[in-house]
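Asks: Attaching a single structure in structure tokens format; questions to follow.
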Amino acid sequence: MNHLTDETLNEYLDHELADRASAETHLAVCADCAARLAALQALFAELDSLPEEALSRDLAARITPRPSLPAALPRWLTLTATLQAALVVIAIIAAAPFAVDLVSPYLVTVQMPSLTEIVVQFQSQWTTWLDMLSTFRFPAMPQLPPLEISSLMLMIMLAGVSILWLVGNGLLLRKQA
Ligand SMILES: [Zn+2]
């Protein structure tokens, strides 16, 4: 009986042998060829595993980032966040006088809790109403127009801040995705 050649054994191990069945028949009865096959198999397994382990270890070392890197935010993210915060602060500072204008009348009212003062105010208000009723003349309301402008400006400012904020966050989310 002819023993299997080294080439045949290699092809058998690589699953490239055409007549696999007859090789298996010989291996089943020939301890010598079976031992050579086992030795080849062990050698190839060792050769296969060694470079792969070395390669994967090398790649892992290259891919794994340094521990300090993930903690630091990307430069563009820090810049965008800083710019966004600065814009919001500027908008709030710009809107603050209008907000004070808008709120101050109510603050003045709150700061007068004295009953007599309220009564005096009510009386003066009542006289104004009586005056108005008696003369059928609408008194001028000087406070209303500037208040209207202030609240409009404030709303525009707040809308601007909201839009800036939303656009900024949208950009951040899109860049992060
Ligand atoms: Zn043999």
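The values are calculated or read from the model by the stated rules, or taken from the named source; none is laboratory data. Please read all numbers here as calculations on a predicted model, not as lab measurements. Heads up, the Cβs are rebuilt from the backbone with ideal geometry, glycines too, and the neighbour counts pull from every protein chain shown. Areas reflect the complete protein model, heavy atoms only, side chains present, ligands, DNA and RNA absent. Shrake-Rupley method; radii C 1.70, N 1.55, O 1.52, S 1.80 Å.
Asks: I need every pair where a residue in the range 1-14 that is more than 12 Å from the ligand (Cβ to nearest atom) has its Cβ under 7 Å from the Cβ of a residue that is in a loop (DSSP other than H, G, I, E, B) and not charged (D, E, K, R), sequence separation at least 6 or different chains.
Replies: Pairs that qualify, where the first residue is more than 12 Å from the ligand (Cβ to nearest atom) and the partner is in a loop (DSSP other than H, G, I, E, B) and not charged (D, E, K, R), are E11/L17.
Asks: Applying the selection to the range 135-166, what residues are at pLDDT 75 or above and over 21 Å from L102 (Cα atoms)?
Replies: I163, L164, W165, L166
Asks: Sort through A35, A45, A54 and tell me the only one that's modelled with pLDDT of 85 or more and either away from the ligand (no atom under 16 Å from the Cβ) or closer than 28 Å to L171 by Cα (or both).
Replies: Values: A35 fails: either away from the ligand (no atom under 16 Å from the Cβ) or closer than 28 Å to L171 by Cα (or both); A54 fails: modelled with pLDDT of 85 or more.
So the residue among A35, A45, A54 that is modelled with pLDDT of 85 or more and either away from the ligand (no atom under 16 Å from the Cβ) or closer than 28 Å to L171 by Cα (or both) is A45.
Asks: What is the number of the single condition among (1) modelled with pLDDT of 75 or more; (2) under 19 Å from G160 (Cβ atoms) that F98 does not meet?
Replies: (1)
Asks: Being open to solvent by 70 Å² or more (accessible area, probe 1.4 Å), within 13 Å of the ligand (Cβ to nearest atom) and of a type in the set (G, A, S) is the filter here, so list the residues in the range 15-32 that pass it.
Replies: A28, A31
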